[in-house]
Structure formats: structure tokens, C-alpha cells
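**Q** The structure is given below, and queries will be raised subsequently.
The values are calculated or read from the model by the stated rules, or taken from the named source; none is laboratory data. Quantities reported herein were computed from a predicted structural model and do not represent experimental measurements. Glycine gets a Cβ as well: all are built from the backbone with ideal geometry, and neighbour counts include every protein chain shown. Heads up: the accessible areas ignore ligands, DNA and RNA and are worked out on the full protein's heavy atoms, side chains in. Shrake-Rupley method; radii C 1.70, N 1.55, O 1.52, S 1.80 Å.
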Amino acid sequence: MISHRRCDKDDIPLQKMLQKPRSKGLDPMISDHLALASTWRIAKLQEFEQRLDSLSPAETAVGAALLQRLQLETFAVQALQRQQSQQADAAPWWADGEYDDDAAERANDTGTELFCNKDYCAAFTHYTDAIRLCPRKATYHCNRAATALKLQRFSIAAADARQAIRRDSQNIKAYLRAGQAQAGWQKPEEAAKWFRRALLLDKTSAAAQRGLDTAIRAHGRAHAAALQEQAGAGRGDRPGLSRRPVEAEQAAQMLHSSEGMLRAQPTSHAVHCSHAEALIACRRYSDALQHISLLQPGVDKLYLQAEGLWRQAHLAAANAALSDKSQQAVSSSKCADLQLWVQSLQHRMHAAEIACEDGHLNQGVSLLSDLLAELQPEVCSGLYAELLVKKAAAQRQQGQLDVALQDLDCAMAWEPESAKCLQLRALVYREIGNYTQSFMDFTRLGKLMPDDAEVFEELQQAARRCLDSPEAGPKSHGHTASSTWYKTLGLHASASNADVRCAYRQLAGKWHPDKWINKSKSEQEQASKQFADISDAYAALNKA
């Protein structure tokens, strides 16, 4: 039930609070709200970081710059708050004319009426106003906790209940709501602690006893489920991952949901597996592998590790992980299926490499093109980019520099941090006479490999070539930006560099010649022309 107890205006008179000496710093109640403000700022910063997951790799640089600015601003405000909290004459936050006992009580009464009418959202807003106008009253915090429980905002309910207990340690309703919040958050062990504390205050409380009994049963079920989950992890009961692409927005939503579940159930093996799968769907393979290393030993861990490795182009490591000879791994159908797939990729890539090493470049390029045509870059961008780099290397040996550059641009669109691709593209740019672009690629490579002496030497040579030939331009790809290029990529002339890269990546994946090998000759020619136009537009507009 919601409490209707009215505030006593003489509890802590405003004038007395304003005149109270502050030789020991801020009043405890004020520091509570400063802490809440700090928590809010950090939460918003974390929310922004999570939203970056929905950006494409090409847009990550823009998002990272915005994140860095937001971090600097947040830290500046945090520092200012700490400085102000240390001042002996700091005024309470409500000393701006808004503190009002009567208005707070009216807001509380309105909230109670709305709560009884089951209009919980409006009730929550009025209870919030009551807390703002009179933050020292435990009743208001306790009432808002009850409303938050109805709205299933368990974290807010838990925080409000704790605030109510700090202001009134004998408020049994606050302990009950703290326990209910933890139970709703699927933390039965924590819930039981709060219900036991409520029973210490009132041994006859039926609500506290019911809550405790429910929490104990839930804890027992959770423990049994954890044991069952542990056994399932060893057997690899989870279904295998699909090799079909997932929409970027859906993948980002999967990741956001899994992060929320991790906060609620940090010990759940299934939740950790879901998080690793979401990272793989977002093509954050390194992060996925790092998270997978924390999983319980078993087939699920072995399988997910192999999934992350092959998609990142580490086929040998993936095959080695799947070669576990334990009985459980051998009997896992998903591991066996994945190992056959990885071994097939290994065999075909090895055949292409041998052909290129033996000087049969046309055969090697053909084998690589066939393999690329069967892969979806959205599923395995690391492997896709690796194959494009190998193909471009063979084309460079054949003297087909323009075609090689198209493949390297496509590889960079999918894997902007690929050191192999950057290095090869810098060399191709140098060979076609585009010394400026060569220098820019070596500069980016130097940031990725700051301790590599060979890269540093190449960067210095590229800088000298730019200085020695200031007017030197590319022998091909020397187009200037114009509305034609933007139109080719389906963009407006005001589009940003990130928009250009994102559009190129999507169109290149659609029109890449390797995707049209099994089509008619006219369709292949059309795809080649479209891909060439798209690559020319990207080369002309890309300023990265």
C-alpha cells in the first residue's frame, strides 16, 4: 500500500537548514543527490557507447570522436562537482527557491491517487516531483519505489528503497520493496537478505515471510538451473550459429539486449554465450574471442571460439580448436559441421595460394573469386577481406593495378583496420603514381603498427616521394569529386565521408564481379561495369 502520511513542516525547517554550519562539508542528503547526478551522467555516457554498436565500421571514427568529446565534457563536470562538494560554504541543491513542503505533499497525494487508479507512469512523475521538492522524506522515496516495481523498473525501485532506508531505517515497507526489486531483477539471494531484515523489524510481517519463502524457492531453482546449465555447456546443447547475414540494426539490438541481461545475470552461462554470439553478429570478432575466453570449459566455449576465429580469417586456429578429441566434442554435431566447413575453406584457400606461388596467377585469382562468390561479407568480414587482399596481391603481380585497387578498396570498406590491406594498397598507390594516397595509407599503417621499423621506413620514403613530386598525381583513379560520383553511390552531395564508405561497402558487396560468376555473360559484364563505376566514385570521394 502507498503511504498517505503527510509531511510535518517542522521536521527540518528550511531556514534552519540554510543556517546550519557546514564546517564538515556538505549535508549527507545533498551528497546523496550529487551522487545520483553523477550516476546519471555516467549512465548516459554508457548508453551512448552502447548506441555506437549500431554504427557501421565506416562510421565508427565519427562515433568515436563524438564519444571522446562526450567523455571529456562528462569528466569536466565530474571534476567540477568534486570541487564544489569540498567547499565548506556550498549551498544545498534545493536552495534555489524550489524547495516546498506543501507542494511536495500535494505531488505525493496526486501520485497516490494516480497509483490507486493504476496510472503508474503519471504517478511515477508526481512522486519524482515530490522527491525533488522534499528529498529528505523517506515516504516519497518508498512510494516511488512501489511505482517503479509496477513499471518493472527494478533498478530504480532498488535505488529508491535504499534511499528510503537511509532516511528511515525502521521503514519496513522500504525493506519489502528492496527485496521485491531484487526478486524482479532475478537476484533471489539478494532479495532474501532484504526480506530477512524486514522480519527483524517485524517478525509477524506476512508479506516479508512470503517474500522470503518465494526468494528461497527461487534461489533453489536458480541453483538447480545453474547446475543443469553447466552440464549443458559441457555437452554443447546450444544451437549452432547461422552462416547467413544478420541486419546491422538487428545485430546491434542483440548486443544491447545481451549487455542488459549480463548486468542482470552476470553468472549465467547462457547469457554470456548470447553476448558472445551478438559480438560475432556485429563482426566484433576480437571482442567476442576475449569474452569467450571467460566461458565455462566445454563444447559451447570450444565451438564459439572456432566461430570467432574462422570469421576473422584464422582458419588454422579454428580447425585446431575443433580438433579437441574429448568424447563430448566428437559427439557434437555442430562442432563436426563447423569443422568440415573450416577444413573446406582451408583446402580451397591453400589451393589458391599454391597456384599463385607456382606462377599460375590466373588460376589462383579464379579460385579466390569462386570462394569469394560463396561467402557473405556480412557474416565473415575478416575472412572476406583477407581473400580480397590475396586476390589483389595476385592481380598486382599480373600488372592489373586498377583491378587490384578496386578489391583493396572493397576490403578496406569491410575491415578498415586491416594492416595487410593498408600496406598492399599503399604499395599499389605508389606504383600507379599516387604518392599522396600512398603516404596517407602508410600514415594509417604507422598508427596501427607504431613499433614496426619497416613501416616507419616506408612512411619516411613515402613522405620524400610526396615532397619530390608535389604535382604527381595518379595515373588512374584521378577523378575529381562531383555530383556524378555521389549519384553513383546513391548519395546527396552533402554526404559525409562516413556516408560514402557505408554506401560503397553496401554497393560493392552487391556488384562485386565474384558474386556474378554463375550468371549470364551480359549480367557479368553489367556487374563489372557497375563495380568499376562504384570503385571510381569511392576512390574520388573517399578522403580518409
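**Q** Calculate one ³J(HN,Hα) per residue across the stretch 130-140 by plugging θ = phi - 60° into the Karplus curve 6.51 cos²θ - 1.76 cosθ + 1.60, and present them in order as whole Hz with x for glycine and proline.
**A** Each residue of the stretch 130-140 in turn: 4, 5, 5, 7, 8, x, 7, 8, 5, 4, 5 Hz.
**Q** Something else: Taking just the alpha carbons, could you work out the radius of gyration and Dmax for the stretch 358-434, both in angstroms?
**A** 11.9, 35
**Q** Here's another thing I want to ask about it. Which net charge results for the neighbourhood of A462, defined as the other residues with beta-carbon distances under 13 angstrom from its beta-carbon, given Lys and Arg at +1 and Asp and Glu at -1? Before the final figure, lay out the partial values.
**A** Working: positive: R425, R430, R444, R464, R465; negative: E431, D441, E454, E457, E458, D468.
Once all neighbours under 13 Å are counted, the net charge is -1.
**Q** Within the accessible area of the stretch 284-385, what % is carbon and sulfur when the probe is 1.4 Å and the other protein chains stay in place? Let's see the in-between values first.
**A** Working: 2320 of 4570 Å².
That share works out to 51 percent.
**Q** Another one. Using the scaling law 2.2 N^0.38 Å as the reference, what is the normalised Cα Rg of the stretch 157-229? Walk me through the numbers before you get to the answer.
**A** On the way: Rg = 12.5 Å, N = 73, 2.2 N^0.38 = 11.2 Å.
Output field value: 1.12.
**Q** Could you run the Debye sum over the Cα atoms of the stretch 484-523, one equal point scatterer each and no solvent, and tell me log10 of I(q)/I(0) at q = 0.19, 0.28, 0.35 Å⁻¹, two decimals?
**A** So the normalised log intensities work out to -0.60, -0.89, -1.14.
**Q** Cβ under 13 Å from L199's Cβ, L199 left aside: what net charge do those residues give with Lys, Arg +1 and Asp, Glu -1? Numbers along the way, then the final one.
**A** On the way: positive: K193, R196, R197, K203, R210; negative: D202, D213.
So the surrounding residues net to +3.
**Q** With θ set to phi - 60° and the Karplus curve 6.51 cos²θ - 1.76 cosθ + 1.60, what are the ³J(HN,Hα) couplings of the stretch 355-371 in order, to the nearest whole Hz, using x for Gly and Pro?
**A** 4, 5, 5, 7, x, 8, 5, 4, 5, x, 5, 5, 5, 5, 5, 4, 5
**Q** Kirkwood hydrodynamic radius, computed over distinct alpha-carbon pairs, for the stretch 341-388: how many Å, to one decimal? Each step should come with its number before you reach the end.
**A** Details: mean 1/r = 0.0923 Å⁻¹.
Hydrodynamic radius (Kirkwood, Cα pairs) of the stretch 341-388 is 10.8 Å.
**Q** Moving on to the next point. In whole Hz, with x marking every Gly and Pro, tabulate ³J(HN,Hα) for the stretch 252-266 from phi via Karplus 6.51 cos²θ - 1.76 cosθ + 1.60, θ = phi - 60°.
**A** Result, ordered by residue: 5, 5, 4, 5, 4, 5, 5, 5, x, 5, 4, 5, 7, 10, x Hz.
**Q** When the convex hull of the Cα atoms of the stretch 333-481 is projected onto a plane and the area is averaged over all directions, what value comes out in nm²? If you can, show how the numbers build up before the last one.
**A** Details: hull surface 42.3 nm².
With every direction weighted equally, the projected area is 10.6 nm².
**Q** Still on this structure, I have one more. May I have the pair-distance distribution P(r) for the stretch 279-401, computed from all Cα-Cα distances with 5 Å bins from 0 and rounded to whole percent?
**A** Result, from short to long distances: 2, 11, 20, 20, 17, 12, 9, 6, 2, 1, 0 percent.
**Q** Please give the length that would be gained between D533 and E357 if that part of the chain were fully extended, namely 0.36 nm times their separation in residues minus their C-alpha to C-alpha distance (nm, one decimal). Intermediate results must be reported in sequence, preceding the final value.
**A** Working: separation 176, 0.36 × 176 = 63.36 nm, distance 3.14 nm.
Answer, rounded to one decimal: 60.2 nm.
**Q** Rg over Rh of the stretch 132-290, using C-alpha atoms and the Kirkwood radius, what does it come to?
**A** On the way: Rg = 19.6 Å, Rh = 17.8 Å.
Result: Rg/Rh = 1.10.
**Q** Could you list, in their original order, any pairs among K44/K150; K390/K420; K420/K447; K118/K150; K487/K529 whose Cα atoms are separated by more than 18 Å?
**A** On the way: K44/K150 24 Å; K390/K420 10 Å; K420/K447 13 Å; K118/K150 9 Å; K487/K529 15 Å.
Where the Cα-Cα span goes over 18 Å, the pairs concerned are K44/K150.
**Q** Of all accessible surface on the stretch 409-454 at a 1.4 Å probe, what whole percent is carbon and sulfur? Don't skip to the answer; put the middle values down first.
**A** Numbers: 1000 of 1920 Å².
The nonpolar share, carbon plus sulfur, comes to 52 percent.
**Q** From largest accessible area down, sort W310, W40, W194; use a 1.4 Å probe on the protein chains. Working shown, then result.
**A** On the way: W310 0, W40 160, W194 35 Å².
Listed by decreasing accessible area, they come as W40, W194, W310.
**Q** Using a 1.4 Å probe, what is the accessible area per residue for the stretch 135-182, in Å²? It would help to have the intermediate numbers written out before the result.
**A** Values: 1660 Å² over 48 residues.
With all protein chains present, the stretch 135-182 gives 34 Å² per residue.
**Q** Further, regarding this structure: If you take every residue apart from L445 with its C-beta less than 14 Å away from the C-beta of L445, what net charge results, scoring Lys and Arg +1 and Asp and Glu -1? Provide the component values of the computation, followed by the final result.
**A** Working: positive: K420, R425, R430, R444, K447; negative: E415, E417, D441, D451, D452, E454, E457, E458.
Local net charge: -3.
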